[in-house]
Amino acid sequence: MMRKPLPNHSNTSAIHARSPRNSYKLDELSMPQLAGEEESHIGSYSWENQDASSEQFELPEDDSFSFTNSIYDVNPTMLNSSTAPPVPPVHRIGVDQDRPSNLYSRPNETFIERSDSETLSAGSFADKKEEFMNEYESDYAMSEDNYSGLDSASVMNKSFYQEMQEVPIMHDSLVVECPCPSDLKHMLGSIVQTNPEESSSIRYTAVTSNPEDMMANELKVRTILFDRDIQAAICMTVGQEDLASFALTLSSVMENVKYLTKRNKSRVWGVEGWKRVLTCIVLDGRNSVHRSILDLLSTIGAYQASISKGRINGKKVLAHMYEFTSTISVDEKLNITTRNDGNTPMQLLVCLKENESGTHDSQRWFLQGICSLVRPNICLFAKVGSKLETQSVYHAWKSFDVNSKLGGICGRTVIKTGKWGQKLLSPIIAAQHFDQMIYNNLRLPYDSFLGYISNTSNAFYGFRYIALLDDFPDPGPLTQYFTRKNTEGKKQGILEANAYVAQEQLLFWKVVTKKQSRWYLNYVPEAQAEVKAPGSMVKALEAKRSDINSSFSLAIYVLSDFFSLWKTRHSFLRFLMMAMQVFIFGLERLFGFFNLANFFLSFHFICNSTSFKYFNPYGPWGKTLFLIFEYIFLCTIFSQFVLAMGNRSRGSKKLTLLSLVIFTSVMIYFLFCIFYVSLIPIFIHSSHGYNIIGNNYFTNVMLPCLIVLACYIFVSLISIDPLFLFTCLWQYVLLLPSRIYMEQVYALCHLNDASTLNDIDVETSNDLTETYRSGKKSNFATIAIPKSEMLNSIYNSTFRSFSDDDDCKSDATVSRMHANPILLTTQDYYQDMRTRYVLVWALSNLILAIILLQVFQGEDSINNGYLKFVFWAFMIFACLKTVGSTCFSAITSIASVGTYIQRTI
């Protein structure tokens, strides 16, 4: 992309925001005027004053050399008064790790001439840097010391850019209050005057202790120092997600905070309601996270790389915590809005883990570390990539507020369908949408009525913090949930390891089975989050892998831990309901274990019936056509194991697509046979006294399917959301064999991947300096703090520089090459357990199919007993969930009417 030349800074301060509404010219508006206007907000650059600055900036017309892939804005007076240029953002530049010095230019030469066709790639940058350094190495000797511990930020004249400051060290953890750039303060608006203690500086804490020891080490956060009662702590765990997904979720959280401040009649919320919400962002690995996300956090003021430290008194820093209150928001389209656009302040706490160690460990830092300091009323989790509805946080908090025994909640997850539902034109997205809506309307209300939510696809959920704590001497849910992390080096069963991938579902079970407690869970449909569904089968396989593995593994874990319910204080009725739910849950998982055999046997018995004269619509070709489809079906099923064991889904896209087409063709043939054998006899023999309800295909096959469809329609009507039945039903049915054979086989063949997911420990390069105490008995250390000129140059260079291009992807792929290798014995153990599990699963289905094919041969296979069992069992499960869903809707409606009457009276 060609960049525009640098703007003129000689007459006014640079304004670097881009607004979707207004645009101001620098020669018509100065910074004091801008700061004084209440209704206007930061505008975009006007590039019309290039001539006035041409004497100082002789840059090419189309593309100028820059340290970063962003606009590199500096103050020319600063260049003329110093022998070193400003420091670019360290996480954006392509640094040659073999050389500690950075690329700098002479004060009077700010660009390198090159052809307009040249682009600044990572490789060409290093070449240009080396060539440039060799040319001027004799004139400018670069210091080998790192500025604030950053290898790529060493400067010549440090006294101009930094000042020495004495900061406290508490239990080998460093606490620094670093001032904010002046340009950032202009964008923050009035909060800088009303709350200068939290918006004029960013609080940095270098944590050297484990998260469970942070409270014992007397670490403090701003909410404690300001004596604020945090009602809701919202956590976002960031791993390999992209910038757009992160910006979408973060901006939706700010919209929720804004809504809370508008509830002026509330006893808790109101204008100052933002002080009761803390948004925590836990980043998994300093060098592994998407680098543009760090740019975004720098833009809103919640991150400063220049003050990071690597070791404190010889102890390695495990996490970097940044605290800031910002009014700047960036949406999914990377448009920036400020206080002048109506944004409300939002308290941010960014926890940047030094090493990459998985989502489970990120939750550990939030729940056992940050929450132990903040002590919030409730802890909410928002999945990165989801968009929370404006009132989701309020409804989640309200459900806890009105029910003191509620230990956790699950929100409603919906698939993004686009304008007028245009994304539903994709059969894969439509099938996922149908599946998700059935979960929302049928499964979640049923689980909520019985007390335990076992769903595995939550984008928004939460817990009451007190329900997670220990009740001495009994360990609480948090201690049990993070026991695996505290017992490193011990082998675990592969199913137990996968149960931890379920995350919130395992923690849900720990809450409802907490000893001597009576917590239960609830579904809150008003707390809605919208997610983007995978648009291809390849992406769908990867997305469903962990869900399928954790679902079955969690079922085994729950069944093995069933007697924990006996140690709770639930009422007898609640205990019976939960026990019944666990029993039905186990039967469903057992039924699902034999899905491969059940579907194939149903296909064989029904389609084989068309070979006989009673149900033959094809004449002499009936048997031949059946055998062709059956053999193709069997070969495709076998090929799924080969593809799953030998390849990733993205490595075999064409074969995956071919399998999808074959399974869909088989399903079309299967549906035709079902309708023919069930309905044709009725029309042919209706005049001869043929009984529709009896021992026939209509009663044993068609009728259960119609009852299930009626259950879906009923629960969708009482949920006032039946439209998806008309737009997505056929796509879901046609892709049913693909979901059974492709998704389940792929997931279980990668069972070992999920087991080792949370064992990753990717260490970062040691590019941060150490800090020591001033004396052996001193509790202070002297460090360098950047001055305002340096902060402004760093901030301006990162402002609006974040992008979602491929060159801004994280370094996770490279970093994993240097990850701490998992012990070979442990890796072999997981792979061996994976092989055994897949072997047992496949052989169990194969043996069941062989036995039943031998038992029911010839005409005995027509309308046999096993076929009746499969379809009627499927119908009974649906009916039970419908009863539970109906009871949940009735209780919710009665409670709503009661609340309305109470308010009116």
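All of the numbers you see were taken from the coordinates with simple rules; none came from a lab. Remember, predicted model here, so these are calculated numbers, not experimental data. Glycine gets a Cβ as well: all are built from the backbone with ideal geometry, and neighbour counts include every protein chain shown.
Numbers at a glance
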| quantity | calculated |
| --- | --- |
| FRET efficiency, 1/(1 + (r/R0)^6) with R0 30 Å, evaluated for SER404 and TRP566 via beta carbons | 0.80 |
| Label zone at LEU723, where the point sits 7 Å out along the Cα-to-Cβ direction: the stretch 383-421 residues whose backbone N lies under 18 Å | 389-390, 413-421 |
| Fully extended contour minus Cα-Cα distance, from ILE894 to LYS654, at 0.36 nm per residue | 81.1 nm |
| Mean Cβ neighbour count within 10 Å, used as a protection proxy, ranking 875-886, 264-275 highest first | 875-886, 264-275 |
| Simple spin-label estimate for VAL883 and ILE905 in nanometres, 7 Å along Cα-Cβ | 3.3 nm |
| Long-range HN-HN contacts of GLY385 with modeled amide H, under 5 Å | THR249 |
| Length added when fully stretched, THR390-LYS787, from 0.36 nm per residue minus Cα-Cα | 139.0 nm |
| Net +/- balance of residues flanking ALA873 in space, Cβ distance below 15 Å, scoring K and R +1, D and E -1 | +2 |
| Sum of side-chain charges, ILE230 neighbourhood, beta-carbon under 12 Å (Lys, Arg +1; Asp, Glu -1) | +3 |
| Estimated inter-spin distance, TRP872 and PHE226, nm [label 7 Å along Cα→Cβ] | 6.5 nm |
| Zone of VAL840's modelled label, taken as backbone nitrogen in the stretch 545-583 under 17 Å from a point 7 Å along Cα→Cβ | 549-561 |
| Rounded FRET efficiency, nearest 0.05, which uses the C-beta distance separating MET164 from SER536 and R0 of 45 Å | 0.20 |
| Amide H within-cut-off set for ILE169, under 5 Å, with H built and near neighbours excluded | PHE780, ALA781 |
| Of LYS185/LYS258; LYS333/LYS416; LYS353/LYS405; LYS258/LYS353; LYS544/LYS654; LYS315/LYS353, pairs whose Cα-Cα distance is over 23 Å | LYS353/LYS405; LYS258/LYS353 |
| Two-site label geometry, THR479 and ASP547: point separation in nm, points 7 Å out along Cα→Cβ | 3.5 nm |
| Additional length obtainable on full extension of the chain from LYS262 to LYS316, 0.36 nm per residue less Cα span | 15.0 nm |
